[in-house]
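Data block below; observations after.
The values are calculated or read from the model by the stated rules, or taken from the named source; none is laboratory data. The structure displayed is predicted, hence computed values, not measured ones. In this analysis, Cβ positions are derived from the backbone assuming ideal geometry, glycine residues included, and neighbour counts consider all displayed protein chains. What goes into the accessible areas is simple: the full protein's heavy atoms, side chains included, and nothing from ligands, DNA or RNA. Shrake-Rupley method; radii C 1.70, N 1.55, O 1.52, S 1.80 Å.
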Amino acid sequence: MKQKVYIETSIISYYTARPSRDLIVAARQEITHETWPILQEKFDIYISALVIQEVSRGDRKASKKRLDALSGILIIEISHGAQEVAQSLISEKAIPFESEEDALHIAVASTNGMDFLLTWNFSHINNAFKKSKIIRTIENHGFIPPEICSPDEFIGD
């Protein structure tokens with residue numbers, strides 16, 4: 001049985017974006033491109049309706065490219081339970097109020113038994129200062145939190 005990986009929107013954005021001249025962004029794009037086939041071959045990958053909503057925003061051409069990249073990926077619905085966990089992540093100050101979509105990504109991955117949540121979002125999702133509060137809040141709801149990591153942490157050397 002393959003492990004389950006929830007792909008947060010930033011992964012799709014880095015995967016489909018025009019090559020950047022910024023060295024950090026360019027490195028993340030390259031790592032994402034290297035990770036993508038490994039994900040598809042060795043893991044069951046999932047997104048939520050929220051990912052579809054987020055990648056649909058912005059420039060029409062870029063949006064289409066992002067949506068096309070999601071073809072064939074399983075879509076998880078956003079349950080009432082996931083919404084409750086997301087609200088707790090905000091009320092417990094694990095995630096800031098103005099970042100409720102980040103809380104919802106974490107909650108959807110947690111309530112659907114994902115083994116990993118893959119993200120380039122270091123502000124609120126893959127943040128060392130917030131992870132312990134995120135984990136505690138998810139566990140208080142009776143769920144096992146996914147391992148939250150970036151593609152470079154996920155694949156390693």
Accessible area per residue, Å², the range 1-90 with all protein chains present, probe 1.4 Å: 59 Å²
Give me the net charge for the shell around S63: Cβ to Cβ below 13 angstrom, other residues only, Lys and Arg +1, Asp and Glu -1. +3
Stretch N140-Q53 to full length: gain in nm at 0.36 nm per residue minus the Cα-Cα span? 28.5 nm
Report the rotationally averaged projected area of the range 58-157 based on its alpha-carbon convex hull, in square nanometres. 7.5 nm²
Any idea how far apart I155 and K61 come out in nm if each label point goes 7 Å out from Cα toward Cβ? 2.7 nm
Radius of gyration and maximum dimension Dmax of the range 14-53, Cα, Å: 12.1, 32
Dividing the convex hull volume of the alpha carbon atoms of the range 1-122 by its residue count, what do you get in Å³ per residue? 110 Å³
Go through the range 10-88 and name the GluC sites (Glu not before Pro) that are in a DSSP coil and have 11 or fewer other Cβ atoms within 10 Å of their Cβ. E77
Built amide H within the under 5 Å cut-off of Q3, gap 5+: D44
Quick one: which residues, 5+ away or cross-chain, put their amide H under 5 Å from the amide H of I95? H built at 1.01 Å from N. I90
DSSP-loop chymotrypsin sites (Phe, Trp or Tyr not before Pro) across the range 99-140, with at most 12 other Cβ within 10 angstrom: F122, F129
With a cut-off of at most 16 other beta carbons within 10 Å, and DSSP calling the residue loop, which trypsin sites (Lys or Arg not before Pro) in the range 17-116 qualify? Please list them. R21, R57, K93
Each label sits 7 Å from Cα toward the beta-carbon; between K42 and E100 the label points are separated, in nm, by 3.8 nm
What's the carbon and sulfur percent of the chain's accessible surface, probe 1.4 angstrom, rounded to a whole number? 52 percent
